[in-house]
Amino acid sequence: MNLEKLPVNIPSEKFTEYALDPVKQPDKARAFREALGYTKSNYQDLIDNINRNLDKRHMAFKENNGHGDIYEYVMRLKGANGKEANVCTGWIVENDSNSLRLTTAYVTKKKVTFSG
């Protein structure tokens, strides 16, 4: 599949109602806040940062889970606080879709997928 031609879909709810929510995901929210300075109040900056740093040519195919093809991409981000950290992003191209949708994002110690 040629991922480069697919539009990217990053639902804001992944951050406003999940990854940056200190009640629902205290560990993820704390990691994003401490490592990169992102909170629910500046979630759009995080989405924009992910969009700028996503290199679809180097995404790692993981599996087809029956609903679609699953990919992973670990990127190095410079956050709102000026610090840098690796962020693992998970993506799906659903069987009946023609877009690449973000399914998860978290601060990680995993190595970056590609550094060019």
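The values are calculated or read from the model by the stated rules, or taken from the named source; none is laboratory data. This is a predicted model, so every value here is computed, not measured. Reconstructed Cβ throughout: ideal geometry from the backbone, glycine too, with neighbour counts over all protein chains shown. All accessible areas refer to the heavy atoms of the entire protein, side chains included, with ligands and DNA or RNA removed. Shrake-Rupley method; radii C 1.70, N 1.55, O 1.52, S 1.80 Å.
Condition check for Glu34 on (1) of a type outside the set (S, T, N, Q); (2) surrounded by 15 or more Cβ atoms within 10 Å (Cβ to Cβ); (3) closer than 17 Å to Val107 by Cα: one failure, at (2).
Contact map, segment 19-36: residues that are at pLDDT below 95 paired with residues that are part of a helix (DSSP H, G or I) and surrounded by 14 or more Cβ atoms within 10 Å (Cβ to Cβ), Cβ distance under 7 Å, separation 6+ or inter-chain. No pairs are found.
Of the residues Asp69, Asp48, the single one that is more than 11 Å from the chain's Cα centre (by Cα) and over 13 Å from Ala19 (Cα atoms) is Asp69. Here Arg101, Arg52, Arg57 are screened, and the one residue that is open to solvent by 70 Å² or more (accessible area, probe 1.4 Å), among the charged types (D, E, K, R) and under 17 Å from Ser12 (Cβ atoms) is Arg52. Can you tell me which residue in segment 17-31 is farthest from Leu77 (Cα to Cα), limited to those that are open to solvent by 80 Å² or more (accessible area, probe 1.4 Å) and part of a helix (DSSP H, G or I)? Of everything passing the filter in segment 17-31, Glu17 is farthest from Leu77 (Cα to Cα).
Only one entry in Glu72, Glu84, Glu94 is within 23 Å of Lys111 (Cβ to Cβ), charged (D, E, K, R) and open to solvent by 60 Å² or more (accessible area, probe 1.4 Å), namely Glu84.
Which condition from (1) under 13 Å from the mean Cα position of the chain (by Cα); (2) over 18 Å from Leu6 (Cβ atoms); (3) of a type outside the set (Gly, Ala, Ser) is the one that Asp55 breaks? Unmet condition: (2).
In this structure, is Gly79 within 16 Å of the chain's Cα centre (by Cα), crowded, with 18+ Cβ neighbours inside 10 Å and under 19 Å from Thr108 (Cβ atoms)? Here the answer is yes, as Gly79 does meet what is asked. Inclusion of Ile47 among residues that are part of a helix (DSSP H, G or I) and either touching a residue at least 60 places away in the same chain (Cβ under 8 Å) or open to solvent by less than 60 Å² (accessible area, probe 1.4 Å) (or both) is warranted. Of the residues contained in segment 61-81, none is found to be in a helix (DSSP H, G or I), charged (D, E, K, R) and more than 19 Å from Ser115 (Cβ to Cβ).
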